[in-house]
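First up is the structure itself, then whatever we jot down about it.
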Amino acid sequence: MDFQLTEDQRALQSGVRELLAGRFGREALRALADGPEQPSLDRELWRELGAAGFFALRLPERDGGVGLGLPEAVLAFEEAGRALLPGPLVATHLAAGEVEGAATGDTVVTAVDSSGLVPWLDASDVVRGDAAGAVPTRSVDPLTPLHRAPAGVGAPDPLAVLLTAAEQLGSSARSCETAVRYARERSQFGQPIGAFQAVKHLCAQMLVRTEVARAAVYAAAVTADRAEISAAALLADEAAVQGARDCLQVHGGMGFTWEADVHLHLKRAWLRAALGPSAGAVEEEWAAAL
């Protein structure tokens, strides 16, 4: 089976990356991070994503969608993860075709997680699941406001798990690239720190974790098998969290400062991992499958 991306898939990936670079580049990211404690959702950008087909990628053409499949959606969400694009992207994408205006980006949809967490509740027009009695809760990610509802919604949606894993994959890849670039630019003792063996090992490990997670996420997008999706999520969570940790390590003291973007990737990775199935749940699922 050939898992190489097709020309159309590469074009989609490139198009989403260019759109996000133009509309949510580093300046926009930092403006949101350095802004009010309660971040606001950019409705104009949300509608632009809708116009570009981001939310309607898997919706049939006869229903006004793009008519693509789960692998293409994974590529788009990977790019969203690279850019740390904020907002309930997964919930709105999954609501396309079911909630009026979700496909076009005119309606922002959020969902109650299986743990009871609800991201972007105040900014959303529609809530899927029972959010009655939800109260604000402190979020580790400054770009993702959270509420906690009294109860969750049971088992997580496999498609939501996979698309979140794709975001984690994009974040992992970005952390790896950031670490490598910094290791080439930062010098100590008259040479780039990337020449030191310890730094080389950190960057190599980041790359290996990212590519292993990429293979698992892409394969799960093709098979849509529940157990494979759970395993891909586990690998993507590890790649994103540990990758951001290692990127911070490569940056040294600079990585701990608010001005660096490293901590934003780490905090978002922590949050996404908390919203998905736990490692123990995945292990139990694989044990049952075997």
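The values are calculated or read from the model by the stated rules, or taken from the named source; none is laboratory data. Because the structure is a prediction, the values reported are computed rather than measured. Here the Cβ positions follow ideal geometry from the backbone for every residue, glycine too, while neighbour counts run over all protein chains shown. Accessible surface areas use protein heavy atoms only, side chains included; no ligands, DNA or RNA. Shrake-Rupley method; radii C 1.70, N 1.55, O 1.52, S 1.80 Å.
Residue by residue through region 10-41, note down the ones that are under 19 Å from His93 (Cα atoms) and touching a Pro at 6+ places or on another chain (Cβ under 8 Å). Listed by number, the list holds a single entry, Leu41. Of all residues in region 156-166, one or more are hydrophobic (A, V, I, L, M, F, W, C) and open to solvent by 40 Å² or more (accessible area, probe 1.4 Å). Which residues, counting only those in region 19-32, are under 17 Å from the mean Cα position of the chain (by Cα) and either open to solvent by 100 Å² or more (accessible area, probe 1.4 Å) or of a type in the set (Gly, Ala, Ser) (or both)? Listed by number, the residues that qualify are Ala21, Gly25, Arg26. Here Arg181 meets the list (1) over 24 Å from Leu94 (Cα atoms); (2) open to solvent by less than 40 Å² (accessible area, probe 1.4 Å) almost entirely, failing just condition (2). Within region 1-18, being surrounded by 18 or more Cβ atoms within 10 Å (Cβ to Cβ) and either at pLDDT below 90 or under 26 Å from Ala123 (Cβ atoms) (or both) holds for Val16, Arg17. Counting only helices (runs of 4 or more DSSP H) that fall entirely inside region 179-290 and contain at least 2 residues that are in contact with a Cys (Cβ under 6 Å, 6 or more places away or on another chain), the qualifying elements are 197-223.
Residues in region 129-155 that are under 28 Å from Gly69 (Cα atoms) and either open to solvent by less than 30 Å² (accessible area, probe 1.4 Å) or part of a strand (DSSP E or B) (or both): Thr144 only. With respect to (1) closer than 27 Å to Gln205 by Cβ; (2) aliphatic (A, V, I, L, M); (3) assigned to a helix (DSSP H, G or I), the lone exception for Leu159 is condition (1). Only residues that are among the hydroxyl-bearing types (Ser, Thr, Tyr) and either over 20 Å from Leu275 (Cα atoms) or modelled with pLDDT under 95 (or both) were counted across region 142-193, and they come to 4.
Residues in region 215-230 that are surrounded by 22 or more Cβ atoms within 10 Å (Cβ to Cβ) and of a type outside the set (Val, Ile, Thr) were compared, and the one that is farthest from Gln9 (Cα to Cα) is Ser230. The residue that is farthest from Ala52 (Cα to Cα), among those in region 95-114 that are in contact (Cβ under 8 Å) with a residue 12 or more places away in the chain and surrounded by fewer than 22 Cβ atoms within 10 Å (Cβ to Cβ), is Ser114. Only one of the numbered conditions (1) within 17 Å of the chain's Cα centre (by Cα); (2) surrounded by fewer than 22 Cβ atoms within 10 Å (Cβ to Cβ) is violated by Gly194, and that is (1).
Is it the case that region 61-78 has a residue that's open to solvent by 10 Å² or more (accessible area, probe 1.4 Å), under 30 Å from Arg138 (Cα atoms) and in contact (Cβ under 8 Å) with a residue 60 or more places away in the chain? No, the conditions are met nowhere in region 61-78.
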